[in-house]
Amino acid sequence: MTPSDEVRKGLVTAIPHLRAFAMSLCGRSALADDLVQETLTKAWAKADSYQDGTNLMAWLFTILRNEFYSHIRKRKREVEDVDGAEAAQLVSAPAQMASLELGDFRAALATLPEDQREAIILVGASGFSYEEAADIMGCAVGTVKSRLSRARTRLTELMEGTPLSGDGRA
Amino acid sequence: MSDTEDPDDPGKRQGSEAGSAADPIIGQAVGSRLKSLFDEFTNEDVPDRFLDLIGQLEQNEKAGGESDDAPSGPDGASPASQSDKGHS
């Protein structure tokens, strides 16, 4: 029940990364911060299921993404009762666009299906290996790769189709 | 003229990015944007609510758990007492 020092310190260090993950998944929103809060609380409560020395960040990301999906499922159920069409929008409402270049990309990211978005964030932004990402998402490594590949194709199309993207490829 | 150096040698352009080569599936164009976006998020100040939360969780644990320096019952230490010295 009592978190070890490793977990305790790790939690504090992880907060900015957890927020970044949450905001990448669902935009800069109250939901993102709620997900982080839930994650910290859960992690604390079940600290004894974490084994010291293993990948704490991956463990925390797993908790957060599970929270994210259970939120989505709940939300979809609620909304389907009223109007099924609204559900999709709730899930991927893009964040306010802060800067043009990043804003375009953010909007493009928000149009990806959740599983592809999650895969590309875990590997491309958070720096997890394919194996770690597969663990976090509870799927096979091959599935991670195919999600990445589809996400890249989609994002590349969107970026190239966007006149505003001042493409700084070097 | 000189044919000893090949300016288009792909081996020279790649692999020199300080430690952060793009993932081969994701590619450089998408990868670098992902990283900037993520860095932007990561570098934001952490709202106080999260540090408060950690402090709160620690408090709860001290109150609930059985550590040797815990005073007595749950009423022993009231967390609200930290600022009631300020009677003007």
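Looking only at helices (runs of 4 or more DSSP H) that fall completely inside region A:103-162, which ones have 3 or more residues that are within 8 Å of chain B (Cβ to nearest Cβ)?
Numbers: elements: A:114-120, A:130-137, A:141-160.
Fully inside region A:103-162 and qualifying: A:141-160.
Residues being within 9 Å of chain B (Cβ to nearest Cβ) and either open to solvent by 20 Å² or more (accessible area, probe 1.4 Å) or in a loop (DSSP other than H, G, I, E, B) (or both): count how many of those fall in region A:34-52. Please lay out each step first, then the result.
Filtering region A:34-52 down to residues within 9 Å of chain B (Cβ to nearest Cβ) leaves A:36-37, A:40-41, A:44-45.
Remaining after also requiring either open to solvent by 20 Å² or more (accessible area, probe 1.4 Å) or in a loop (DSSP other than H, G, I, E, B) (or both): A:37, A:41, A:45.
Summing the residues that are within 9 Å of chain B (Cβ to nearest Cβ) and either open to solvent by 20 Å² or more (accessible area, probe 1.4 Å) or in a loop (DSSP other than H, G, I, E, B) (or both) in region A:34-52 gives 3.
Can you tell me which residues in region A:1-33 are assigned to a helix (DSSP H, G or I), more than 10 Å from every other protein chain (Cβ to nearest Cβ) and open to solvent by 20 Å² or more (accessible area, probe 1.4 Å)?
Passing the criteria: A:5, A:6, A:9, A:13, A:30, A:31.
Looking only at region B:50-68, which residues are more than 7 Å from chain A (Cβ to nearest Cβ) and part of a helix (DSSP H, G or I)?
Here is the first cut: in region B:50-68, the residues more than 7 Å from chain A (Cβ to nearest Cβ) are B:51-52, B:55-56, B:58-60, B:62-64, B:66-68.
Result: B:51, B:52, B:55, B:56, B:58, B:59, B:60, B:62, B:63, B:64.
Under 9 Å by Cβ, and 6 or more places apart or on different chains, what pairs join a residue from region B:30-44 that is over 8 Å from residue A:20 (Cβ atoms) and facing chain A (nearest Cβ under 7 Å) with one that is of a type in the set (Phe, Trp, Tyr) and in a helix (DSSP H, G or I)?
Close Cβ pairs satisfying both conditions: B:30/A:105; B:33/A:105; B:34/A:105; B:36/A:105; B:37/A:105.
The values are calculated or read from the model by the stated rules, or taken from the named source; none is laboratory data. Treat the numbers as computed from the prediction; the structure is a model and nothing was measured. FYI the Cβ positions are ideal-geometry reconstructions off the backbone, even for glycines, and counts take in every protein chain you see. Only protein heavy atoms, including side chains, enter the accessible area calculation; ligands, DNA and RNA are left aside. Shrake-Rupley method; radii C 1.70, N 1.55, O 1.52, S 1.80 Å.
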